[in-house]
Amino acid sequence: MSRSSRKGDSKRYYDWIYHACLDKMAAEALSQDRRLYCCAAFHCQQCIEKALKGYLLYKSRHLLDGHNLTWLCKQAAMMDDSFIDWIDESAVLNRYYIETRYPADIPLEIDGETVARLVKMSTDMLEKICDVTGFDFGSYHKRKRRSSAGDVPPA
């Protein structure tokens, strides 16, 4: 589903992929503390949601709405059939969008092996999207820092 972007939603696909990279970095850091495995899993889901939205924006020039990774992945597969290989992974990551953020009567149990698998899964999918779009975090991050340097108050 396409939408007119809400005020503040960037139409710059590299901004989406940049924020996906930040979510991946957050997931990696949070995965070092077992008390934060749910938070790490959520950031894995967010990484791929933002990366897929960035890819779809890159290909179609339309920002798609929604949080369902399988649906987003199927939209990407209509533009590049290699995304079909990621449908199962997107379904796995979908589970961690809501259940990781809200209390439940039956808590979601995530162990170290699971969180490591989720981080790898999201890293692999993000790398594919970076390759296809030509996104380079290092050079983009430097450019973002330079452009916002005037916004940071002196220490």
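The values are calculated or read from the model by the stated rules, or taken from the named source; none is laboratory data. Keep in mind it's a predicted model, so treat the numbers as computed, not measured. With ideal geometry, Cβ positions are generated from the backbone for all residues, glycine too; neighbour counts draw on all protein chains shown.
Output yes when any residue across the range 65-88 is buried (at least 19 other Cβ atoms within 10 Å of the Cβ), among the charged types (D, E, K, R) and under 18 Å from the mean Cα position of the chain (by Cα), and no when none is.
Checking the range 65-88: not a single residue is buried (at least 19 other Cβ atoms within 10 Å of the Cβ), among the charged types (D, E, K, R) and under 18 Å from the mean Cα position of the chain (by Cα).
Quick one: is Thr114 in contact with a Gly (Cβ under 8 Å, 6 or more places away or on another chain) and surrounded by fewer than 20 Cβ atoms within 10 Å (Cβ to Cβ)?
So Thr114 fails the test.
Exactly one of (1) of a type in the set (A, V, I, L, M); (2) closer than 17 Å to Thr123 by Cβ; (3) surrounded by 16 or more Cβ atoms within 10 Å (Cβ to Cβ) is unmet by Leu57. Its number?
(2)
Restricting attention to the range 27-39, report how many residues are free of Cβ contacts under 8 Å to residues at least 60 places away in the same chain, farther than 19 Å from Tyr102 by Cα and in a helix (DSSP H, G or I).
Of the residues in that region, 1 qualify.
Residue-wise test of (1) over 15 Å from Cys38 (Cβ atoms); (2) out of contact with any strand residue (DSSP E or B) (no Cβ under 9 Å at 6 or more places or on another chain); (3) modelled with pLDDT of 95 or more; (4) of a type outside the set (D, E, K, R).
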residue	(1), (2), (3), (4)
Glu89	yes, yes, no, no
Leu93	no, yes, no, yes
Ile98	no, yes, no, yes
Ile106	no, yes, no, yes
Leu126	yes, yes, yes, yes
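How many residues are closer than 27 Å to Ala116 by Cα and in contact with a Phe, Trp or Tyr (Cβ under 8 Å, 6 or more places away or on another chain) when one looks only at the range 50-68?
Total meeting the criteria: 6.
Give just the number: which of (1) part of a loop (DSSP other than H, G, I, E, B); (2) under 23 Å from Phe135 (Cβ atoms) does Lys24 not satisfy?
The single condition Lys24 does not satisfy is (1).
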